[in-house]
1. Only Lys, Arg, Asp and Glu count, each charged at its Cβ (+1, +1, -1, -1), so figure out the dipole size of the chain about its Cα centre, rounded to 20 debye.
2. Please check: in the Gaussian network model of the chain (C-alpha springs, under 10 Å), which one of MET82, MET300, MET228 has the largest mean-square fluctuation.
3. If you place +1 on the Cβ of every Lys and Arg and -1 on the Cβ of every Asp and Glu, how big does the dipole about the Cα centre of the stretch 257-402 come out, in debye to the nearest 20?
4. Express the accessible area of the chain per residue in Å², computed with a 1.4 Å probe while the remaining protein chains stay in the model.
5. Using only the Cα atoms of the stretch 56-123, each taken as one equal point scatterer with no solvent, compute I(q) by the Debye sum, divide by I(0), and report log10 of the ratio at q = 0.20, 0.27 Å⁻¹.
6. I'd like to know which of ALA179, GLN95, GLN209 lies farthest towards the positive end of the charge dipole of the stretch 86-230, counting +1 on Cβ of Lys and Arg and -1 on Cβ of Asp and Glu.
7. Once the Cα atoms of helix 320-331 and of the chain are each reduced to a long axis, what angle between those two axes, in degrees from 0 to 90 to the nearest 10, is obtained?
8. Report the FRET efficiency, 1/(1 + (r/R0)^6), for LYS244 and ARG64, where r is their Cβ-Cβ distance and R0 is 30 Å, rounded to 0.05.
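The values are calculated or read from the model by the stated rules, or taken from the named source; none is laboratory data. No experiment lies behind these values; they were computed from the predicted model shown. Here the Cβ positions follow ideal geometry from the backbone for every residue, glycine too, while neighbour counts run over all protein chains shown. These area figures cover heavy atoms from the full protein model, side chains too; ligands, DNA and RNA do not enter into them. Shrake-Rupley method; radii C 1.70, N 1.55, O 1.52, S 1.80 Å.
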Amino acid sequence: MTSLTPNSAKHKQARALKPGAIRPAKELCSECGLCDTYYIHYVKEACAFLNQQVAKLEQQAHGRSRNLDNPDDCYFGVNQKMTAARKIKPIEGAQWTGIVSTIAIEMLNSGKVEGVVCVQNTKEDRFAPMPIIARTPEEILAARVNKPTLSPNLSVLEQVEKSGMKRLLVIGVGCQIQALRTVEQQLGLEKLYVLGTPCVDNVTRAGLQKFLETTSHSPETVVHYEFMQDFRVHFKHEDGSIEKVPFFGLNTKELKDVFAPSCMSCFDYVNSLADLVVGYMGAPFGWQWVVVRNNKGLEMLDMVQNQLETQPVTSKGDRKQAVQQSIPAYDQGVTLPMWAAKMMGVVIEKIGPKGLEYARFSIDSHFTRNYLYVKRNHPEKLEAHVPDYAKRIVEQYKLPDS
Ligand SMILES: Cc1cc2nc3c(=O)[nH]c(=O)nc-3n(C[C@H](O)[C@H](O)[C@H](O)COP(=O)(O)OP(=O)(O)OC[C@H]3O[C@@H](n4cnc5c(N)ncnc54)[C@H](O)[C@@H]3O)c2cc1C
């Protein structure tokens, strides 16, 4: 069952928007790429920021929507299995150990799919996204590592239909995958696999520049960065050195406008609609967090099982007080002096939430912040746009009245 029935003649008459044109979701557009194709025809239903329909699409993709009375379901979405994993031989230059790229390569090599939608960077700019349909392992490998910018991954969907491809793997983040799930039936595919990553606090290319310049001592040499489970941002530089900046030392006032409005309004951190999700936040430091949502997800994970070491997910600590304290601190743009931020980082790393509790900490902090953002900037959208699971999560905290 899908939300839209095939209607290809009509959508093919639709015209993609020209670059720079105002998008239907206006400032909330996450540039997922759908409007760069004739599938713009479906944007009113498909766009995650025009039509929140996570529960309905969970039912379609996984056979059920999440059970709000089951705490793991409520936080992490429909799941058959969660595990911590890392590649025995990590892929050099991958964001973590390269589980995502490895699965994609195995799916292609085994013939389960004919192409993989993923995102390389442009020749000129290591962080500028360039979505492609990869048809060789080399093209998949060239797409490894995060492009920490809004990326129009779905802009290649027209090419999928035109190529006559029947079996496809799409790699993407939550907003891209929600739109993909809505138009899935229109693509002329026999089989679609969806490999997702969690995603939060994404930025435009200009926003990324501001973030790097405000936060790193050498913005021009950063090759990748991650907000880590040790409460620090880790910047990796060209020479292999790692620079660590404590979260609590970030220049919150300067950075308040950096994150894209779409990401400030997003409640699909955990990529609810992918078959398989590979992130890091529910795993011990150095490990990746793998969430299998359905049988296709299990099939993908099985393809690489012999290349992984795994351990059960664990959970330690209590996030609630830290989340509650961070709400007014973020709201008022409090920035600690660096010595105090470093000290706080060390203490929190020792006694703070770990494993799944760290993931809950991150989800709670972002959902409360985003709830306030939508309430203040788009009050007319609040009720319909915030999914029920996110309302449950936000209700645990006391928020400022206005
Ligand atoms: C913008 C962003 C934010 C993230 N935030 C979190 C987080 O807060 N918590 C968490 O647990 N995990 C997060 N992740 C996921 C995590 O950083 C790793 O991407 C994931 O663990 C996979 O690592 P890997 O080494 O297996 O990936 P690799 O083998 O290095 O492959 C990375 C894949 O990501 C795809 N990709 C890169 N950039 C984008 C993009 N902008 N949009 C869509 N696809 C992209 C590429 O096509 C590539 O196939 C985020 C990912 C992205 C892209």
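1. The calculation lands at about 420 debye.
2. MET228
3. Charge dipole of the stretch 257-402: 380 debye, to the nearest 20.
4. On a per-residue basis, 44 Å².
5. The Cα Debye sum returns log10 ratios of -1.02, -1.08.
6. Working it through, the farthest residue towards the positive pole turns out to be ALA179.
7. 90
8. Efficiency for this residue pair is about 0.15.
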